Amino acid sequence: MLNFRANFKTMFTILHDFTSCYIQSFITEMVQCVHTLQAISPPFPMNEETEYSHLLSLREQINYHNYRYNVLDDPIISDYEYDRLLAELRTLEAAHPAWITPDSPSQRVGGTPVEKFEKVRHPAPILSLGNAFSFDDLRAWVERIARVDERVLTTTFTVEPKLDGLSVVLHYQNGLFVQGATRGDGEIGEDITTNLRTIKALPLKIPVPSSSPSPAGGENAPSLVIRGEALFFLKDFEALNQRLAEAGEKTYQNPRNTAAGTLRQLDPALTASRPLTLLIYQIVSGEGDLPKTQLDTLATLRTLGFPTPPVYHCQTVDEIFPILEAWALKRETLDYEIDGMVIKINDHALFRDLGFVGKDPRGAIAYKFPAQEVTTTLHDIGVNVGRTGVLTPFAILDPVEIGGVIVKQATLHNFDYIAEKDIRIGDRVRLKRAGEVIPYVIGPVLAARSVELPQYVPPTHCPICGQPVENPPGEVAWYCVNAACPEQLVRNVEHFVSRGAMDIVGLGIKIVEQLIAEKLVNDVADLFLLTRDALLGLEGFADKKADNLLASIEASKAQPLGRLINALGIRGVGAVMANDLTRHYPTLDALAATTLEALQTIEGVGPNTALAIVDWFARPRNRELIAKLKAAGVWPVAETRVVGAQPLAGLVFVITGTLPTMSREEASTLIETHGGKVTGSVSKKTNYLLAGENAGSKLTKAQELNVPILDEGQLRDMLQ
């Protein structure tokens, strides 16, 4: 028996590196063998065989839920449940690195940066299409190809959207994704396999079942080369630009160029950080019986788990035209950009027999929609001030119609963009509007610049309040850092009264706007000067509402110093850092008197944040604000911490999710008063993660780093 078990382990060690299909079969047989052994000997403990079987099950479940979310847009589990499955898989693979395979869902995060992309020869030409710009052009196309082959007169057609992204070619062997490339020149492309793996809509293994999780791949799984388009959904593209703008980084002009640039990043981690997706529409080559029509091709691709574009089947050319008219209007409401529709001969055999004209196949044509790009004159450049103080330039234009809309203004992204494109006031500029996206200036028409125009210089002072602006080193954004700037005032007050800051109950955004409109509040300190008579003079206020609001404002004066520092809205200073600052500066006066050098000695305070703090307190209007707060009795002093035996001394915590009985702020205070420290992100220095419901990426990171995870009850046990 002992020899058998030893041999059993040896067999498993040798065989577990084989392909997953053979391993699955092998494990099934071994489990049956174990059941037989249990009848004559003690049962096996949890071992590698069962762990590996569980790993395969996790991969199948995650692939299935990826398919439900990214292809069907119909998830059946929450993000939290999905994250738990993925974290469990990563933990298991971390314990057994030899079990990690390229098709594992854990391998979508990107790999090691490359120095250059290798070249890939496509198994068949990846062709471009000829264009049609009118219904007459389409009729002429049909007449031309009918003269080549009269079967065209009785054939049918498919109509699909012409996707405006980056064309990619994907290779699958025995159901496993093994290589991906750009279209290149149609014959040779660039190998971007590692970058493509990061796209969640791309199956790493096929077929993916459409109804329930089951093993994928195997000896009957297809070997295919397919073609599709990598693109951004517009909402994801806008969210990416917003995230970059808030971080002070460079934003992108349009989804198509951004998709192309994202997939051609030499560092796959950058690709993984951007929400690309895919739509697949062609089988380039493959083994066995392939679909005979384009309609069947798309149906087969959908069955295999690939996301595909919508398709229409038309019996005659006349049936095509209403579809084109409908989609010319529908493009305004689509989730992704298109620039036309593709009409194809449905019968693949006829398509091939029709041959080519140059590099364009005769059997398909692209109907191009009217351009959503025009030229007009740039009269001036205006500047908006956002709620975070970011200055955003916009173009003031000679009115022009584009996509059925009269456009007078358009975005210019940021000041670096103006400089890079050399856009000057008085230029003839190219303007684009795609879907519902705000129109933007592509660049100047340099040939139309007949006289020398002065280069545009970014403002040195806020156009609203007149205070100096700053451009932190390494950032694209320019900021107005005056807390009393009228353009920022509503959002600043909204942040000041929020739950994580001064927590003034009953002071919502509508009342904030009302107070500012009536000029009762010109900065956050004015909240503490409000009177009962002033509130009763406002629409919607009666005795009880006014009394309740004043009581809430008065109660907020008791908030600790960390809350007040956070409430001031200093760029780069959130709740965690605000609390850290109170350990070194017991009052706002002490913080205002500090230096750049002193701030940078505090863990977590970098040079940009230190500069933002010093600059904020150096502004005269901000100093006046602090004086008003002090005069109004809003002057908390940090408590002196008792030095002695504390159960959490020296321990670093991170908090995530919703706790049963405490807010995160209350939990932070509890931890810190018992000697612990709370930080905002999980790292190797983190001792514990305190997790509640709906924990997200911090939980996953903690599991990857094997950081112990506590619930609220376990934290309280530690304090005892």
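For the reader, a short list of remarks on this structure follows.
- Taking amide H atoms as placed 1.01 Å from N in the peptide plane, the amide H of ILE464 has no partner under 5 Å among residues 5 or more positions away or on other chains.
- Segment ALA98..LYS557, full-extension length gain: 159.4 nm, with 0.36 nm per residue of separation and the alpha-carbon distance subtracted.
- Residues PHE233, PHE351, sorted so that the one with the fewest Cβ neighbours within 10 Å comes first: PHE233, PHE351
- If you take the alpha carbon atoms of segment 661-707 and fit the smallest convex hull around them, that volume is 77 Å³ per residue.
- Filter on LYS119/LYS205; LYS116/LYS344; LYS510/LYS544; LYS119/LYS292; LYS544/LYS628 - keep pairs with C-alpha separation over 29 Å: LYS116/LYS344; LYS119/LYS292
- Computed label-point distance, nm, for sites GLN173 and ALA590 using a 7 Å Cα→Cβ extension: 6.6 nm
- Residue-wise HN-Hα couplings along segment 533-543, as the Karplus relation 6.51 cos²θ - 1.76 cosθ + 1.60 with θ = phi - 60° gives them from phi, are 4, 5, 5, 5, x, 8, 4, x, 9, 10, 3 Hz; Gly and Pro carry x.
- Between GLN315 and GLU81, the FRET efficiency estimated from the beta carbon spacing at R0 = 56 angstrom works out to 0.75.
- Our coupling estimate for segment 269-274, obtained by passing each phi through the Karplus curve with A = 6.51, B = -1.76, C = 1.60 and θ = phi - 60°, is 5, 5, 4, 4, 7, 10 Hz, Gly and Pro reported as x.
- FRET efficiency, ASN471 to ILE406 (Cβ-Cβ, R0 25 Å, nearest 0.05): 0.15
- Annotation: segment 598-689 has a Kirkwood hydrodynamic radius of 16.1 angstrom, from the mean reciprocal C-alpha pair distance.
- Normalised contact order of segment 652-719, rounded percent, pairs of Cα under 8 Å and 6 or more residues apart: 39 percent
- A cut-off of 5 Å between modelled amide H atoms, ignoring neighbours fewer than 5 places along the same chain, links GLY130 with ALA366.
- Approximate shape of the chain as ellipsoid semi-axes (Cα gyration tensor, √5λ), whole Å, largest first: 52, 42, 21
- Estimated distance in nm for a label pair at LYS116 and SER285, the labels positioned 7 Å out from Cα along Cα-to-Cβ: 2.5 nm
- Karplus-derived HN-Hα couplings along segment 177-185 (A = 6.51, B = -1.76, C = 1.60, θ = phi - 60°), whole Hz, x at Gly and Pro: 5, 10, 7, x, 9, 6, 5, x, 8
- With Rh defined as the Kirkwood radius, the inverse of the mean 1/r over Cα pairs, the Rg/Rh of segment 221-356 is 1.03.
- Here GLU513 and GLU704 are evaluated by their C-beta separation; at R0 = 45 Å the FRET efficiency comes out at 0.55.
- Of the peptides 162-168, 289-295, the ranking by mean beta-carbon count within 10 Å, highest at the top, reads 162-168, 289-295.
- Pairwise Cα distances in segment 552-594 exceed 14 Å for 47 percent of all pairs.
- The GluC sites (Glu not before Pro) of segment 534-642 meeting both criteria, a DSSP state outside H, G, I, E and B (loop) and at most 16 other C-beta atoms within 10 angstrom of the site's C-beta, are GLU539, GLU603, GLU639.
- In this simple spin-label model, placing a label point 7 Å from the Cα along the Cα-to-Cβ direction at both LYS685 and THR50 gives a separation of 4.1 nm.
- Once backbone amide H atoms are built at 1.01 Å from N, GLY443 has ARG430 as its partners under 5 Å, excluding neighbours fewer than 5 places away on the same chain.
- Above-threshold pairs, the threshold being 19 Å between Cα atoms, out of LYS235/LYS408; LYS557/LYS630; LYS359/LYS432: LYS235/LYS408; LYS359/LYS432
- P(r) histogram, all alpha-carbon pairs of segment 130-368 included - 10 Å bins from 0, percent: 7, 29, 34, 23, 7, 1, 0
- At full extension, ILE396 and ASP335 could sit 19.2 nm farther apart than now, given 0.36 nm per residue minus the alpha carbon distance.
- Gain in span if fully extended, ARG716 to ASP296, counting 0.36 nm per residue against the direct Cα distance: 145.1 nm
Every number here is computed from the coordinates shown, using simple stated rules; none is lab data. Treat the numbers as computed from the prediction; the structure is a model and nothing was measured. Cβ: placed from backbone, ideal geometry, glycine included. Neighbour counts: every protein chain shown.
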